[in-house]
Amino acid sequence: MKRRPPPLSIPERTAYRRLEDVVGCKWSAAVLGAISRGVTRPGQLERFIPGISTKVLNERLRKLLDYRLIDREEFPGKVLRVEYRLTETGRQLSTIIEQIRDLDEAHSLGAKSDPS
């Protein structure tokens, strides 16, 4: 008889919820992907990501900052300029998200060409 694995602990479940909060949001993945491609300013991000509103973009940027996946840098001047960069953890997560996207693309193409 097979033994059932123990249920997830509270810390494990909390870690999964944090992950779901970032990866489970289509906008977070899009923002991470855009920043990883060198789109670093808020206005550029808004133009680069079709359908995202200023409000949602700002919420996602705050969330990604809270999770330390991105850093914010301010450049003072006549007009304050802000840029975002991926942290090391953000780069790692972005790489994983791209791998999942590539897998999905390959699977989708394979499913369309598979006659069975």
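Here are the numbers:
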| quantity | calculated |
| --- | --- |
| Criterion violated by Ala29 - all others in (1) within 20 Å of Glu98 (Cα to Cα); (2) modelled with pLDDT of 95 or more; (3) among the aliphatic types (A, V, I, L, M) satisfied | (2) |
| Residues of segment 1-17 that turn out to be closer than 17 Å to Tyr67 by Cβ and of a type in the set (S, T, N, Q), as a count | 1 |
| Selected residue (only one of Thr14, Thr40, Thr87 is without any contact (Cβ under 8 Å) to a residue 40 or more places away in the chain and touching a Lys or Arg at 6+ places or on another chain (Cβ under 7 Å)) | Thr87 |
| Selected residue (criterion: nearest to Leu32 (Cα to Cα)) from residues of segment 83-96 that are modelled with pLDDT of 95 or more and in contact with a helix residue (DSSP H, G or I) (Cβ under 6 Å, 6 or more places away or on another chain) | Leu86 |
| Enumeration of residues in segment 27-69 that are surrounded by 15 or more Cβ atoms within 10 Å (Cβ to Cβ) and among the β-branched types (Val, Ile, Thr) | Val31, Ile35, Val39, Thr40, Ile49, Ile52, Val56 |
| Test for Gly24: is it of a type outside the set (A, V, I, L, M) and on the phi > 0 side of the Ramachandran plot | no |
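The values are calculated or read from the model by the stated rules, or taken from the named source; none is laboratory data. Quantities reported herein were computed from a predicted structural model and do not represent experimental measurements. Virtual Cβ from ideal backbone geometry, glycine too; neighbours counted across all protein chains shown.
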